[in-house]
Amino acid sequence: MTATGATPEQFSVRVFGGPTALFEYGGLRFLTDPTFDAPGDYRRPGAPLLVKTAPSTGSPDDLGRVDAVLLSHDEHADNLDTSGRALLADVPLTLTTPGGGQRLGANAKGLADWESIELDRPGGGTVTVTGVPAIHGPGPRKEIEPIAGQVIGFVLTGEGLPTVYISGDNASLDLVKEIAARYAPVDTAILFAGAPRFPVLFDGELLVLDSAQAAEAAEILGARRVVPVHYDSWAHFTEGRDQLVAAFTAAGLADRLDLGNRD
C-alpha cells in the first residue's frame, strides 16, 4: 500500500544483470543478490555446472554507498558469486535466510518467514524489511529445500513510502498469493524470472518463475510496476527479455513492465 503522494516513480532501479539491482528507498541504498564476476564456470561437487555468459553492466566500484544487501540465498553462484561475497564485508548489513545468516558471519542477519527488522532512515523514521517465503523449485518445501536450498524474498514498507516486493528465487505462485493477501497492492515488484532449469534437477521443471508466471504474479500482487531481474547472463536461464515483454503484453500488463536502468 502507498501513502498519499507516494508513487513507484519516486525511485529508480539500476539493474546490473542476473539478479543484481540497486535502488534507494527511504534514503537507504539496497542491493539485491550481488553478482559482479566476469563470465566463467562455477563448479561445486554434486551440483550442476553454472555458466555465467555475460559480464555485469557495472562493478562494485560503481555502487557508491550500500546500506543493506537483500540476499535471496548464499549457496548458488548465480545469486552470490566470488566478487559479490567479497563485497559483503564492506556492507553494514546483509539480510538473508536463517542458514545464510549463520554462514555469512557478523554483518549478516537471517530472517524467518514474516519476520521483520526496522532500519533507521537518515532523515528520521524507519524502513521495515520483512522476510517473506519463497521456494526454489516445484513442489513443497520439505522436498525442495534439501536439494535446492532455502531461499527468501523481502517486502519493504515505511511511512509515506511505496510498498516494494523482492521475490528472490521463488517458483511458487501460491506463495505469491500469500504475500499478496498481506501486502497487495504492491507498488514495485522486483521479480526474479528467467525460467531457469537443469535436466538433472526436478526432471527439468522450473526453479524460478517463467515469463508468463511473472506476469501472473504481477497481476496477483496488483503491482503497479514490475522490474524483472534474474533473466540474463547465465546459461541455465531459458527465457529472457523478449519472452518477458511478450508475456506481459499478452497479459495486458506491458505498461507495468520496467526493464530498469542499466547505465
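Asp61 fulfils the conditions (1) modelled with pLDDT of 95 or more; (2) over 24 Å from Leu50 (Cβ atoms) except for a single criterion, (1). In the stretch 57-72, the qualifying residues are those that are out of contact with any Phe, Trp or Tyr (no Cβ under 6 Å at 6 or more places or on another chain) and assigned to a helix (DSSP H, G or I), and the one that is surrounded by the fewest Cβ atoms within 10 Å (Cβ to Cβ) is Asp61. In the set Ala180, Ala223, Ala184, only one residue is in contact with a Gly (Cβ under 6 Å, 6 or more places away or on another chain), over 18 Å from Pro19 (Cα atoms) and modelled with pLDDT of 95 or more; that residue is Ala184.
Checking each residue in the stretch 44-56 for being part of a loop (DSSP other than H, G, I, E, B) and among the β-branched types (Val, Ile, Thr) picks out only Thr53. Number of residues in the stretch 160-178 that are more than 15 Å from the chain's Cα centre (by Cα) and either assigned to a strand (DSSP E or B) or free of Cβ contacts under 8 Å to residues at least 40 places away in the same chain (or both): the value is 1.
Strands (runs of 3 or more DSSP E) fully within the stretch 73-131 that include at least 2 residues being in contact (Cβ under 8 Å) with a residue 12 or more places away in the chain, within 17 Å of Tyr25 (Cα to Cα) and among the aliphatic types (A, V, I, L, M): 116-120. Restricting to the stretch 231-263, and then to whatever is out of contact with any strand residue (DSSP E or B) (no Cβ under 7 Å at 6 or more places or on another chain) and among the hydroxyl-bearing types (Ser, Thr, Tyr), can you tell me which residue is surrounded by the fewest Cβ atoms within 10 Å (Cβ to Cβ)? Within the stretch 231-263, the match that is surrounded by the fewest Cβ atoms within 10 Å (Cβ to Cβ) is Thr249. Look at the stretch 251-262: where a residue is farther than 27 Å from Leu31 by Cβ and a partner is part of a helix (DSSP H, G or I) and among the acidic types (Asp, Glu), sitting 6+ places away or on another chain with Cβ atoms under 7 Å, you get Ala251/Glu219.
For the stretch 65-77, give me each residue that is modelled with pLDDT under 95 and small (Gly, Ala, Ser). Matches in the stretch 65-77: Ala77 only. Only residues that are charged (D, E, K, R) and surrounded by 24 or more Cβ atoms within 10 Å (Cβ to Cβ) were counted in the stretch 151-186, giving 1.
Sort out which residues of the stretch 139-150 are surrounded by fewer than 19 Cβ atoms within 10 Å (Cβ to Cβ) and either touching a helix residue (DSSP H, G or I) at 6+ places or on another chain (Cβ under 8 Å) or in a loop (DSSP other than H, G, I, E, B) (or both), and write them in order of number.
Once the filter is applied, which keeps residues that are surrounded by fewer than 19 Cβ atoms within 10 Å (Cβ to Cβ) and either touching a helix residue (DSSP H, G or I) at 6+ places or on another chain (Cβ under 8 Å) or in a loop (DSSP other than H, G, I, E, B) (or both), the stretch 139-150 yields Gly139, Pro140, Ile147.
You will find that of Ala189, Ala214, the residue that is surrounded by 19 or more Cβ atoms within 10 Å (Cβ to Cβ), closer than 25 Å to Ile147 by Cβ and either modelled with pLDDT of 95 or more or in contact with a Leu (Cβ under 6 Å, 6 or more places away or on another chain) (or both) is Ala214 and no other.
Summed over the stretch 179-208, residues that are in a loop (DSSP other than H, G, I, E, B) and out of contact with any strand residue (DSSP E or B) (no Cβ under 7 Å at 6 or more places or on another chain) total 13.
The values are calculated or read from the model by the stated rules, or taken from the named source; none is laboratory data. Just so we're clear, the structure is a prediction, and the values are computed from it rather than from any experiment. We place every Cβ from the backbone using ideal geometry, glycine too, and count neighbours over all the protein chains shown.
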